[in-house]
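*Asks:* One structure coming up, written as structure tokens, with questions to follow.
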Amino acid sequence: VLLVTELLEGTSDFAVGLEVKEDIAVLDSPTTPTSVEFCQVKTNEQAVAWTLKELHRKGRKLKDGTHPPSILGKLYKRRHDFRGHPTTLRFVSNSSFKVPSGDKNVNVNAHNLHLPSLAEKAKQELCVSLSSQLSLAESDIDLAEIHLHRSNLPLAEQHFFISGKLSDLASSGSLPFKVPQPVVAATMLASEVRAKASNTGFCSTLDELKSARVFSRSDALKALALLSDPPKSLEDTFSGAVERLNHDRYDYTELQDIRRQLSRLLTAVADR
């Protein structure tokens with residue numbers, strides 16, 4: 001959901017695929033995509049920085065004697081599967097990354113890291129590990145356009161963070177309408193995205209996949225536009241009726257008595 005709000009800041013089209021080959025696949029178009037970014041998302045429950053070795057360490061041995069690929073191994077396999085197409089890869093987490101960087105191989109705490117900026121020794125170690133896990137030639141491993149990214153999204157009360165993003169979008173003019181209830185809008189947007197992510201039914205065609213598991217710019221704007229003109233509250237309706245009675249010169253004493261009934265009315269309705 002955060003990614004959708006960030007993409008809405010720009011003017012380019014997009015389509016966010018959920019559970020399509022990877023946790024998240026970002027296309028540059030919902031109809032005629034020409035590039036894709038695969039994002040793998042993992043929460044670090046220990047809330048400590050990831051190390052590079054943790055990210056490329058192969059999984060525990062399975063019953064058949066093989067080892068599943070590492071976090072970066074699984075992510076890199078997406079690029080191998082989509083050879084011939086422009087592909088970028090991103091690993092996203094709530095924690096930063098403690099990695100060796102620069103010529104002196106000094107560990108730094110990074111929030112956003114482009115893998116080619118790693119120290120040479122670390123890059124070589126990573127390439128050896130990936131080639132071994134995926135049965136690829138070491139020379140075929142290309143670290144270009146692979147990023148490690150720490151998300152700013154908090155683990156608790158995420159809808160408040162998203163509501164702030166939506167308020168910024170509305171105030172900056174990135175949205176063509178107001179968002180008068182940003183917290184409600186954030187919750188609804190999350191519900192729409194969650195519905196797409198939970199749909200893991202079989203899709204036999206690209207059109208089925210797009211309609212079932214892809215959330216586009218158009219989908220996001222339609223969902224948010226529903227809240228741009230919210231229905232009147234009971235209090236607004238009541239106040240409007242009182243103003244109409246006042247305009248029609250209704251008896252002043254009785255009108256004051258009617259006004260005093262508002263809190264009782266709202267309390268009774270809320271308690272039903």
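The values are calculated or read from the model by the stated rules, or taken from the named source; none is laboratory data. Quick caveat: nothing in here was measured; it's all calculated off a predicted structure. With ideal geometry, Cβ positions are generated from the backbone for all residues, glycine too; neighbour counts draw on all protein chains shown. The accessibility values were calculated without ligands, DNA or RNA, using every heavy atom of the protein model including side chains. Shrake-Rupley method; radii C 1.70, N 1.55, O 1.52, S 1.80 Å.
*Asks:* Could you list, in sequence order, the residues of segment 85-139 that are under 21 Å from the mean Cα position of the chain (by Cα) and part of a strand (DSSP E or B)?
*Replies:* Matches in segment 85-139: T87, T88, L89, R90, F91, V92, S93, F97, A110, N112, L113, H114.
*Asks:* So is V179 aliphatic (A, V, I, L, M), open to solvent by 40 Å² or more (accessible area, probe 1.4 Å), in contact with a helix residue (DSSP H, G or I) (Cβ under 6 Å, 6 or more places away or on another chain) and within 11 Å of L227 (Cβ to Cβ) or not?
*Replies:* no
*Asks:* Report yes if H159 is surrounded by 12 or more Cβ atoms within 10 Å (Cβ to Cβ) and modelled with pLDDT of 95 or more, otherwise no. Lay out the reasoning, then the answer.
*Replies:* Numbers: surrounded by 12 or more Cβ atoms within 10 Å (Cβ to Cβ): yes; modelled with pLDDT of 95 or more: no.
Against the criterion (surrounded by 12 or more Cβ atoms within 10 Å (Cβ to Cβ) and modelled with pLDDT of 95 or more), H159 does not qualify.
*Asks:* For T205, only one of the following conditions fails: (1) polar (S, T, N, Q); (2) at pLDDT below 90; (3) open to solvent by 70 Å² or more (accessible area, probe 1.4 Å). What is its number?
*Replies:* T205 satisfies every listed condition except (3).
*Asks:* I need the full set of residues from segment 14-39 which are among the charged types (D, E, K, R), open to solvent by 70 Å² or more (accessible area, probe 1.4 Å) and in a loop (DSSP other than H, G, I, E, B), in order please.
*Replies:* If we filter segment 14-39 for residues that are among the charged types (D, E, K, R), which is where we start, we get 19, 21-23, 28, 37.
Then drop every residue that is not open to solvent by 70 Å² or more (accessible area, probe 1.4 Å), which leaves 19, 21.
Selection gives K21 alone.
*Asks:* Anything in segment 40-84 that is touching a strand residue (DSSP E or B) at 6+ places or on another chain (Cβ under 6 Å) and assigned to a helix (DSSP H, G or I)? List them, or say none. Before the answer, list the steps.
*Replies:* Initially, segment 40-84 is screened for residues touching a strand residue (DSSP E or B) at 6+ places or on another chain (Cβ under 6 Å), giving 40-42, 44, 49-52, 75, 78-79.
Hits for segment 40-84 are L52, L75, R78, R79.
*Asks:* Within segment 152-169, which residues are in a helix (DSSP H, G or I) and in contact with a Ser or Thr (Cβ under 9 Å, 6 or more places away or on another chain)?
*Replies:* Selection gives H159, I162, S163, K165, L166, D168, L169.
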